[in-house]
Amino acid sequence: MNGTQRTRRRYAAIVAALAAAATWASGTPSAFAAPIPPPGTTDPGRGGPPTAHAGSMGGIHGWQAILIAIGAVLAGAVLAVLYDRARAARQDRVTAHVTRA
C-alpha cells in the first residue's frame, strides 16, 4: 500500500466520522428537549414564565447566517484542495528530460 492509498483511506475515515457526527447532532435537539408549560402558567421551581427559544422567535440573526455561509465556503475550499492534491498525486506524471548527445 503506497502513501496515496493510505492518505485516501485516512480522509475517507475522517469524512465518515464527520458524517456520523453530523447525523447524530441533527437528532440531538429533539432528544434533549425539555417540556415547556402552556402560556399563562408558571412553574414554581423555575421562578417565572418560560423563555422562548430563538428558533421560535423568528430564526437566526443575519450575522449568524453570514458565519454559517463563510464556514461552508471555507470547508468547501479545503475539501476541494485536498481532493485536487490527492488526484494529482495519483496521476502518473510523465516528464520529458532532454539530454545533449
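The values are calculated or read from the model by the stated rules, or taken from the named source; none is laboratory data. If you're wondering where the values come from, they're calculated on a predicted model, not measured in any experiment. All Cβ positions, even for glycine, are placed from backbone atoms using ideal geometry, and neighbour counts span all protein chains on display.
Pairs meeting the criteria (first residue in the stretch 76-89 and under 16 Å from Val15 (Cβ atoms), second residue modelled with pLDDT under 85, beta carbons under 8 Å, at least 6 apart or on different chains) are Ala86/Thr4.
Among the residues of the stretch 46-56, is there at least one that is at pLDDT below 70, among the aliphatic types (A, V, I, L, M) and not in a helix (DSSP H, G or I)? Taking every residue of the stretch 46-56 in turn, at least one turns out to be at pLDDT below 70, among the aliphatic types (A, V, I, L, M) and not in a helix (DSSP H, G or I).
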